[in-house]
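*Asks:* Here you go, one structure.
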Amino acid sequence: MPAERIDGTAIAAAIRAEVAQGVAALAPRGVVPGLAVVLVGEDPASTVYVRAKEKASVEAGMAGRTIRLPATTSQPDLLAVIDGLNADPAVHGILVQMPLPNAINAQAVIARIRPDKDVDGFHPVNAGKLFIGETDGFVPCTPAGVVELLKRSGTETRGADVVVVGRSTIVGRPMAALLLRQGEGGDATVTVCHSRTRDLAAHVRRADIVVAAIGRPEAITGDMLKPGAVVIDVGINRIADPGTRTGTRLVGDVHFASAAAVAAKITPVPGGVGPMTIAMLLANTLKAAERAAGAA
Ligand code: NDP
């Protein structure tokens, strides 16, 4: 039987509607959640992402604004912009779009954001809270979105063998930490694989749940999976396809057709994890505004 598709577009829409309700509930207190996105330079992909984030925040009833800075911006000038946003009570969430120009130290910039406005969840304080199991920090949006997909698709993580492929600070590592947390969406037995893992297929084949965050098109194939596994594909890769109008198409880190023939549930690309990232950014921004208003 072919795998059930986990519809990230529909689940993300449900979360965005919930966030919009939360935003409306703050209105009588005179609070409008504010999200400030900082874009340095004109990287085409970043420009698209930033526009999508601003649009989504406005659609949820938030005050979304983008601060566009030239690629020549110095690190001290960028830090001064962040200081201004840190001090602005109308701004509840701050996101600096990555990648930054080479001349700027990204870690120094992330560390300058107030942890209680760090809706990307990359500040060392928030990363540390996640690592030690404290639940009052902000969690990076993509892995948080994966947990929501698992919960809302009725996938039990407690006691499950989960293999996360990838150990990046934005996906793999926080993903593992989330799945290790106690409670719903956690309590899993987690294995993290990476480029130095010996016999990746042997690890993946033991998994009840596979989270692929590798950045290599269609690297996980159906023959590597345990029948009935749940497959979450974080990857977004553009590959050449002369059969399409643009000559390219998006694929994940999982070979969808072969995996869907073996798995119980699988996320498509596009339409799986991708839409969840923005939905969770909005959820984090709402949380930040609720906390600032003393409503949560
Ligand atoms: P990174 O390149 O930072 O990390 C990739 C990880 O995969 C690394 O840990 C690397 O290992 C590991 N890896 C690479 N090759 C292999 C291999 N052959 N076998 C096992 N592991 C391997 O990528 P990201 O975590 O930033 O992103 C991963 C994917 O997710 C990308 O396709 C990206 O586009 C996508 N993405 C999607 C998002 C969304 O919103 N849906 C958001 C963020 C990312 P090592 O550490 O040893 O180098």
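*Asks:* Quick one: what pairs do we get from segment 235-261, first residue over 22 Å from G172 (Cβ atoms) and aliphatic (A, V, I, L, M), second assigned to a loop (DSSP other than H, G, I, E, B) and more than 16 Å from the ligand (Cβ to nearest atom), C-beta under 6 Å, 6+ apart or different chains?
*Replies:* Close Cβ pairs satisfying both conditions: A260/P2; A260/A3.
*Asks:* Also, quick follow-up: Looking at V211, V204, V231, which is the one that is within 15 Å of the ligand (Cβ to nearest atom) and either without any contact (Cβ under 8 Å) to a residue 60 or more places away in the chain or part of a loop (DSSP other than H, G, I, E, B) (or both)?
*Replies:* The conditions single out V204.
*Asks:* Under the condition of being free of Cβ contacts under 8 Å to residues at least 60 places away in the same chain and among the β-branched types (V, I, T), which residue from segment 116-137 is surrounded by the most Cβ atoms within 10 Å (Cβ to Cβ)?
*Replies:* Of everything passing the filter in segment 116-137, V125 is surrounded by the most Cβ atoms within 10 Å (Cβ to Cβ).
*Asks:* Quick check, is T72 β-branched (V, I, T), open to solvent by 40 Å² or more (accessible area, probe 1.4 Å) and over 22 Å from G137 (Cβ atoms)?
*Replies:* yes
*Asks:* Just to be sure before I move on: is D83 acidic (D, E) and free of Cβ contacts under 8 Å to residues at least 24 places away in the same chain in the structure I sent?
*Replies:* no
*Asks:* Considering only residues that are part of a loop (DSSP other than H, G, I, E, B) and under 23 Å from the mean Cα position of the chain (by Cα), look in segment 245-262 and name the one that is surrounded by the most Cβ atoms within 10 Å (Cβ to Cβ).
*Replies:* The qualifying residue surrounded by the most Cβ atoms within 10 Å (Cβ to Cβ) is G252.
*Asks:* Does D208 count as under 30 Å from E134 (Cβ atoms) and of a type in the set (D, E)? Give the derivation first.
*Replies:* Numbers: under 30 Å from E134 (Cβ atoms): yes; of a type in the set (D, E): yes.
Here the answer is yes, as D208 does meet what is asked.
*Asks:* Checking the conditions here, which among P44, P33 is at pLDDT below 95 and either over 24 Å from R112 (Cα atoms) or crowded, with 19+ Cβ neighbours inside 10 Å (or both)?
*Replies:* Within the list P44, P33, the selection yields P44.
*Asks:* Which fully enclosed helices (runs of 4 or more DSSP H) of segment 99-157 have 1 or more residues being touching a Ser or Thr at 6+ places or on another chain (Cβ under 7 Å) and closer than 23 Å to A45 by Cβ?
*Replies:* 141-152
*Asks:* Considering only residues that are open to solvent by 40 Å² or more (accessible area, probe 1.4 Å), in a helix (DSSP H, G or I) and within 14 Å of the ligand (Cβ to nearest atom), which ones fall in segment 167-187? Break it down stepwise before answering.
*Replies:* Residues of segment 167-187 open to solvent by 40 Å² or more (accessible area, probe 1.4 Å): 167-170, 173, 180-182, 184, 187.
Next, from what is left, pick out any that are in a helix (DSSP H, G or I): 173, 180.
Selection gives R173 alone.
*Asks:* If we keep just the residues of segment 270-283 that are crowded, with 24+ Cβ neighbours inside 10 Å and assigned to a loop (DSSP other than H, G, I, E, B), which is farthest from the ligand (Cβ to nearest atom)?
*Replies:* G272
*Asks:* (1) within 21 Å of the chain's Cα centre (by Cα); (2) in contact (Cβ under 8 Å) with a residue 12 or more places away in the chain: which one isn't true of V48, the others all being true?
*Replies:* (2)
*Asks:* Still on this model: Given the options V147, V190, V164, name the one that is free of Cβ contacts under 8 Å to residues at least 40 places away in the same chain and either open to solvent by 60 Å² or more (accessible area, probe 1.4 Å) or under 17 Å from the mean Cα position of the chain (by Cα) (or both).
*Replies:* Sole residue among the options that is free of Cβ contacts under 8 Å to residues at least 40 places away in the same chain and either open to solvent by 60 Å² or more (accessible area, probe 1.4 Å) or under 17 Å from the mean Cα position of the chain (by Cα) (or both): V147.
The values are calculated or read from the model by the stated rules, or taken from the named source; none is laboratory data. Here the structure is a predicted model, which is why all the values come from computation and not from measurement. Cβ atoms come from the backbone with ideal geometry, glycine included; neighbour counts cover every protein chain shown. All accessible areas refer to the heavy atoms of the entire protein, side chains included, with ligands and DNA or RNA removed. Shrake-Rupley method; radii C 1.70, N 1.55, O 1.52, S 1.80 Å.
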